[in-house]
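Heads up, the thing below is written out as structure tokens.
No value in this document is a laboratory result; all are computed from the given coordinates. It should be emphasised that the depicted structure is a prediction, and the values quoted were computed from it without experimental measurement. Reconstructed Cβ throughout: ideal geometry from the backbone, glycine too, with neighbour counts over all protein chains shown.
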Number of protein chains: 2
Amino acid sequence: MLCVNSYFNDQVKSIAFQGKTLATTVGVMDIGEFTFGTSQYEIMTIIDGELEVKLPGTQSWHTFTNGDQFEVEANSSFDVKVILQTAYHCTYQ
Amino acid sequence: MLCVNSYFNDQVKSIAFQGKTLATTVGVMDIGEFTFGTSQYEIMTIIDGELEVKLPGTQSWHTFTNGDQFEVEANSSFDVKVILQTAYHCTYQ
């Protein structure tokens, strides 16, 4: 059974599955600004799209696009400005 | 608004979005065997997982895993045996 989750008033949706190595989601973010909280260590890979990210403990925004990756510690949060609708892959550990 | 579609009794789910260049979906296939029909030319990229595919007009199965890609003509169909839960990216034109 594949579980779909929805966040930020349906502006972000994801599908959970067992990836080759880790619990994983693929999802899509609609254009907008969001703050995500983490409960586990996450590695986020941009599949298709473009967004700006402000990582925990930093003050600057960095642009991420197809194939780019960033990681976020557990029990943290990061800010996102989605420039183009963006599909992502996220692993949790 | 992000649209989630569900196929094969919820064993395949996808989220539609506007990719950087084309109408696109990301989705997940659960373990199982499925026959997909196409109405447009599709390029399918495996994000994370493993499946065997029998393409239209062929009799042999080929294994596809992370990063692999195949294409299918419009108004056709292809058979899939999903070995591991598999996330995919699919463009339509």
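Apart from one condition, B:ASP68 fits all of (1) surrounded by 17 or more Cβ atoms within 10 Å (Cβ to Cβ); (2) within 17 Å of A:LYS20 (Cβ to Cβ); (3) acidic (Asp, Glu); the exception is (1).
Could you tell me whether A:ALA87 is over 27 Å from B:CYS3 (Cβ atoms) and not polar (S, T, N, Q)? Walk me through it before giving the result.
Values: over 27 Å from B:CYS3 (Cβ atoms): no; not polar (S, T, N, Q): yes.
Criteria not met by A:ALA87.
Within region B:46-90, the set of residues being touching an Asp or Glu at 6+ places or on another chain (Cβ under 6 Å) and farther than 12 Å from B:MET29 by Cα comprises B:LYS54, B:TRP61, B:THR63, B:THR65, B:ASN66, B:VAL72, B:CYS90. Screening chain B for strands (runs of 3 or more DSSP E) wholly inside it with 1 or more residues that are in contact (Cβ under 8 Å) with a residue 60 or more places away in the chain and under 13 Å from the mean Cα position of the chain (by Cα) returns the ranges B:12-18, B:23-29, B:77-92.
When you go through A:ILE31, A:ILE47 one by one, which is the residue that is within 14 Å of chain B (Cβ to nearest Cβ) and crowded, with 21+ Cβ neighbours inside 10 Å? Steps first, answer last, please.
Working: A:ILE31 fails: crowded, with 21+ Cβ neighbours inside 10 Å.
Only one candidate passes the filter, namely A:ILE47.
Please enumerate the residues belonging to region A:17-28 that are more than 8 Å from every other protein chain (Cβ to nearest Cβ) and either among the aliphatic types (A, V, I, L, M) or surrounded by fewer than 19 Cβ atoms within 10 Å (Cβ to Cβ) (or both). Selection gives A:THR21, A:LEU22, A:ALA23. Would you confirm whether or not region A:6-15 contains a residue that is among the small types (Gly, Ala, Ser), within 13 Å of chain B (Cβ to nearest Cβ), surrounded by fewer than 21 Cβ atoms within 10 Å (Cβ to Cβ) and in contact with a Lys or Arg (Cβ under 8 Å, 6 or more places away or on another chain)? Yes; the residues of region A:6-15 include at least one that is among the small types (Gly, Ala, Ser), within 13 Å of chain B (Cβ to nearest Cβ), surrounded by fewer than 21 Cβ atoms within 10 Å (Cβ to Cβ) and in contact with a Lys or Arg (Cβ under 8 Å, 6 or more places away or on another chain).
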